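Colleague: Structure in structure tokens, see below.
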Amino acid sequence: TGGMVAAARWHVYARERSEAEVDEAARAPELVPEVNAEFVRAHTESVAAVRKEVMGGKPHYLLGQLATFPMHERRGAASLLVRHGCELADKAGLPCFLEASYQGRPLYERHGFETVKEVPFDCTPFG
């Protein structure tokens, strides 16, 4: 129908980065209109320190956003997008990193991701 089913935003950091570059990359991303911008900005700030602690300036692939429209959930679109990014990272010889919600965690675990650190985040104020 030409409508969007799912979307992913992978960031590729192919070389070592300075602390200033890491800080710049941790800013909230440009968002698609359908996303709750206040939530994304607050969440981005809450995990930026952990991202810096775990990956720092090391080269890696980062899954910055993954979303599936509710009417298309559980049809495999998100898995295709995760698999595609992981395959590109494997070809480049780089590790992948992401932050996951409890809802999304099983998807990522099916693709081999492991929990490094849990960061509590209260979603209540954002609906």
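Colleague: Taking the DSSP beta bridges in the chain as the whole, what percent of them are antiparallel, to the nearest 5?
Modeller: Within the chain, antiparallel bridges account for around 75 percent of the total.
Colleague: Here's another thing I want to ask about it. For the chain, what is the calculated [θ] at 222 nm in deg cm²/dmol (nearest 500), taking -39500 (n - 2.57) for each run of four or more DSSP H residues and dividing by its residue count?
Modeller: Using -39500 (n - 2.57) per qualifying helix, the result is -11500 deg cm²/dmol.
Colleague: Related question: Using 7 Å Cα-to-Cβ label points, what is the Asp122/His72 separation (nm, one decimal)?
Modeller: Using points 7 Å along Cα→Cβ, the separation is 3.4 nm.
Colleague: Of the peptides 30-38, 6-14, how do they stack up when ordered by the mean number of other Cβ atoms within 10 Å, highest first?
Modeller: Ranked by mean Cβ neighbours within 10 Å, highest first: 6-14, 30-38.
Colleague: If each residue of separation counts as 0.36 nm, what is the full-extension length gain between Gln103 and Ser46 once their alpha-carbon separation is subtracted?
Modeller: 18.7 nm
Colleague: Another question, if that's okay. Shape call for the stretch 6-111 from the C-alpha gyration tensor, a ≥ b ≥ c root eigenvalues: rounded (a/c under 1.5), prolate (a/b greater than b/c) or oblate?
Modeller: oblate
Colleague: So which trypsin sites (Lys or Arg not before Pro) in the stretch 15-124 pass both tests, a DSSP loop state and at most 14 other Cβ atoms within 10 Å of the Cβ?
Modeller: Arg15, Arg27, Arg74, Arg75, Lys117
Colleague: In addition: Between Arg27 and Thr115, what is the spin-label point distance in nm, taking each point 7 Å from the Cα along the Cα→C-beta axis?
Modeller: Roughly 3.3 nm, to one decimal.
Colleague: How much accessible area per residue does the stretch 35-127 have, counting only protein heavy atoms and a probe of 1.4 Å, in square angstrom?
Modeller: The answer is 65 Å² per residue.
Colleague: For the chain, with all protein chains present and a 1.4 Å probe, just round the carbon and sulfur fraction of the accessible area to a whole percent.
Modeller: 53 percent
The values are calculated or read from the model by the stated rules, or taken from the named source; none is laboratory data. Since the structure is predicted, the reported quantities are computational estimates derived from the model, not experimental observations. Please note: Cβ atoms are built from the backbone with ideal geometry, for glycine as well, and neighbour counts cover all protein chains shown. SASA here: full protein model, heavy atoms, side chains in, ligands and nucleic acids out. Shrake-Rupley method; radii C 1.70, N 1.55, O 1.52, S 1.80 Å.
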